[in-house]
Amino acid sequence: MYYYNDNPNIIIFEHPLLKHKITLMRDKRTGTNEFRKMVEEIACLMGFEALKDLPTHNIEVETPIEKCMSPIIEGKKLAVVPILRAGLGMVEGILDLVPSAKVGHIGLYRDPVTHEPHEYYCKLPSAIDQRLIVVTDPMLATGGSGVAAVNFIKQHGGKHIKFLSIIAAPEGIERLAAAHPDIEIYCAQVDRELNENKYICPGLGDAGDRIFGTI
Ligand code: PRP
Ligand code: URA
């Protein structure tokens, strides 16, 4: 792991398990089933690190030896908010870690010409201001969708936000961090650049299409 541009709020993973799975995802021969499984597994591995500061409280348990106080997580305080569609693929990976988390949805699509995000659906869990919010989207390209999603969450009172993306372009990381310097951004891979259609290079193509088998 390292901090992008020495910014402690931008955490880039370097784990070989993540790198291996990303290589399989990049391969254009990888089918929908396998691709979807990779997205979920990577989200789980990233979530393990990103949730290391989840609040806990002690409860009393009785072991076969004696009673003791031991911590459990306050899972109801967590909200997972995927950016539709592709972010949906990461939700189960986080819920595997914290099954009691609530789930919101932010529907955005990129205009094919301007590449700017358009909102079509948004619903967040109640008491969003009191929750740790994990936003998921496998691709952080121009950063437009990420910025719009975090804007929406903040407008509804969200404060403690972590953004998880699998592959990011430098432009996207920098735009999101500039617009929202208070959030934590986690990326499993930083790729080279965006092409003229604002796709990440080398990337993995259209994440939503590859997860859901659409063209
Ligand atoms: C993709 C991806 C991100 C967005 C990233 O979604 O899942 O949400 O593009 O691009 P940006 O950083 O330039 O905004 P898309 O708009 O293709 O919608 P989809 O998930 O429904 O396919
Ligand atoms: N959205 C994707 O799904 N892939 C990219 O490379 C860029 C945006």
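The values are calculated or read from the model by the stated rules, or taken from the named source; none is laboratory data. Small disclaimer: the values here were computed from a predicted structure and weren't measured. Because the Cβ atoms are built from the backbone with ideal geometry, glycine has one as well, and the counts that use them run over all protein chains shown. Note: accessible area is taken over every heavy atom of the protein model, side chains too, but ligands, DNA and RNA are not part of it. Shrake-Rupley method; radii C 1.70, N 1.55, O 1.52, S 1.80 Å.
Looking at region 170-190 only, could you name the residues that are open to solvent by less than 10 Å² (accessible area, probe 1.4 Å) and either touching a Cys at 6+ places or on another chain (Cβ under 8 Å) or closer than 18 Å to Leu78 by Cα (or both)? Result: Ile173, Ile183, Ile185, Tyr186. The residues of region 1-43 that are under 15 Å from Val134 (Cα atoms) and open to solvent by 50 Å² or more (accessible area, probe 1.4 Å) amount to a single one, Glu40. Determine which single condition Thr214 fails, assuming it passes every other condition in (1) away from ligand 2 (no atom under 14 Å from the Cβ); (2) without any contact (Cβ under 8 Å) to a residue 12 or more places away in the chain; (3) touching a Lys or Arg at 6+ places or on another chain (Cβ under 9 Å). Condition not satisfied by Thr214: (1).
In region 91-132, how many are outside any helix (DSSP H, G or I) and either open to solvent by 50 Å² or more (accessible area, probe 1.4 Å) or within 16 Å of ligand 2 (Cβ to nearest atom) (or both)? Steps first, please.
Filtering region 91-132 for residues outside any helix (DSSP H, G or I) gives 96-127, 131-132.
From what's left, either open to solvent by 50 Å² or more (accessible area, probe 1.4 Å) or within 16 Å of ligand 2 (Cβ to nearest atom) (or both): 96-97, 99-100, 102-103, 105-121, 123, 126.
Total meeting the criteria: 25.
Quick test for you: out of Ala148, Ala141, pick the one residue that is within 14 Å of ligand 2 (Cβ to nearest atom), open to solvent by 20 Å² or more (accessible area, probe 1.4 Å) and in contact (Cβ under 8 Å) with a residue 40 or more places away in the chain.
Ala148
Every listed requirement among (1) part of a helix (DSSP H, G or I); (2) surrounded by fewer than 18 Cβ atoms within 10 Å (Cβ to Cβ) is met by Met46 save one, (2). One residue stands out among those in region 118-143 that are within 13 Å of ligand 1 (Cβ to nearest atom) and over 15 Å from the mean Cα position of the chain (by Cα): the one that is farthest from Ser100 (Cα to Cα), which is Thr142.
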